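Input: a single structure, listed below in structure tokens.
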């Protein structure tokens, strides 16, 4: 079966490269906004297999992308472990903060497979609905990024409490991370059993910690998750997205050995081509703000990225997720620019 995304993650070069986009399903699409008006709250949409399937398929059907990524949220795992979670309309997630050993003790990794059954149901439905060449990507948040939300109780403020806990080697954070490693691994394995053909781990806030602190809370836990995935699903590719780590991406690659590594919008592409691409497929890294702008500026950036990275295994993507103000026509323009590229 011809699966361009899987071919690249297994080391093949494709020209033009496959394309999918982080947050490709969501608020920038009018069909998503219309569905959300009927469906109710965000969490309810994530936990309704029929709705999650429809939302996941919307950008694939509209733009002809090479992968579908499950419509869900990285905070489903702490919710499934028992942490209270709500999504404010027009705002972000709000959680009951985990600040003590007693708080951490209420989190039950063993509950995740039962409470997240609707997610796995959605994966199964999506897998049955996708065109054959389109790869289904499952995902989870990396333990450090998810723990930052769990400890802070919300996002958007630099996570000062979580960062302080990380720098202090706080035992509560250690307990939370341990529970997340187990829960996240089980969650991804269940997605794979349900039909996910590749999985991505988002460490969106890896850039908030550095050095040995990053090794302890970000790299080490990810290495344990990926090692177990390798043991149980040898042929399912894993993509890492450690945002904000710069050239420390080489340490992630060396320690974790993913099949693909996502580059954020600030990545040094010449360095990535020589230091990373011989060892893993690269994914990225158009600035989402340029997708909002569209036109010649966006196309020039596309040409630069392609000229630098398309000589090896490469998936075209963004340097972070699509933002809500993105015009859908610009996404269509981007897909056309990638599809028609044949080299300079």
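The values are calculated or read from the model by the stated rules, or taken from the named source; none is laboratory data. Because the structure is predicted, anything quoted here is derived from the model rather than measured. We place every Cβ from the backbone using ideal geometry, glycine too, and count neighbours over all the protein chains shown.
Taking the stated definitions as given, is residue 121 surrounded by 15 or more Cβ atoms within 10 Å (Cβ to Cβ), under 30 Å from residue 61 (Cβ atoms) and in contact (Cβ under 8 Å) with a residue 24 or more places away in the chain?
Judged against the criteria, residue 121 is a match.
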(request) Tell me which of these residue 201 doesn't satisfy, since it passes every other one: (1) under 30 Å from residue 134 (Cβ atoms); (2) crowded, with 24+ Cβ neighbours inside 10 Å; (3) out of contact with any strand residue (DSSP E or B) (no Cβ under 8 Å at 6 or more places or on another chain). (result) (3)
(request) Of all residues in segment 76-101, count the ones that are at positive phi and not in a loop (DSSP other than H, G, I, E, B). (result) 0
(message) Please pick out the residue among 281, 301 that is crowded, with 23+ Cβ neighbours inside 10 Å and touching a helix residue (DSSP H, G or I) at 6+ places or on another chain (Cβ under 6 Å).
(response) 281
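Across segment 180-198, what is the number of residues that are more than 24 Å from residue 124 (Cβ to Cβ) and either crowded, with 23+ Cβ neighbours inside 10 Å or modelled with pLDDT under 95 (or both)?
1
With respect to residue 236, determine if the residue is at negative phi and without any contact (Cβ under 8 Å) to a residue 12 or more places away in the chain.
no
Yes/no per residue for (1) surrounded by fewer than 23 Cβ atoms within 10 Å (Cβ to Cβ); (2) modelled with pLDDT of 95 or more; (3) touching a helix residue (DSSP H, G or I) at 6+ places or on another chain (Cβ under 8 Å); (4) under 24 Å from residue 201 (Cβ atoms):
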position: 249; (1), (2), (3), (4): no, yes, yes, yes
position: 265; (1), (2), (3), (4): yes, yes, yes, yes
position: 270; (1), (2), (3), (4): yes, yes, yes, no
position: 287; (1), (2), (3), (4): yes, yes, yes, yes
position: 307; (1), (2), (3), (4): yes, yes, no, no
position: 336; (1), (2), (3), (4): yes, yes, no, no
position: 343; (1), (2), (3), (4): yes, no, yes, no
(request) Say whether the condition of being buried (at least 17 other Cβ atoms within 10 Å of the Cβ), modelled with pLDDT of 95 or more and part of a helix (DSSP H, G or I) is met by at least one residue in segment 129-137. (result) no
(message) With the structure loaded, tell me whether residue 76 is touching a residue at least 40 places away in the same chain (Cβ under 8 Å) and touching a strand residue (DSSP E or B) at 6+ places or on another chain (Cβ under 6 Å) or whether it fails that test.
(response) no
(request) Specify the residue that is surrounded by the most Cβ atoms within 10 Å (Cβ to Cβ); the eligible residues are those in segment 79-94 that are touching a strand residue (DSSP E or B) at 6+ places or on another chain (Cβ under 9 Å) and within 24 Å of residue 322 (Cα to Cα). (result) 93
(request) Output the residue which, of all residues in segment 58-75 that are in contact with a helix residue (DSSP H, G or I) (Cβ under 6 Å, 6 or more places away or on another chain) and assigned to a helix (DSSP H, G or I), is nearest to residue 181 (Cα to Cα). (result) 58
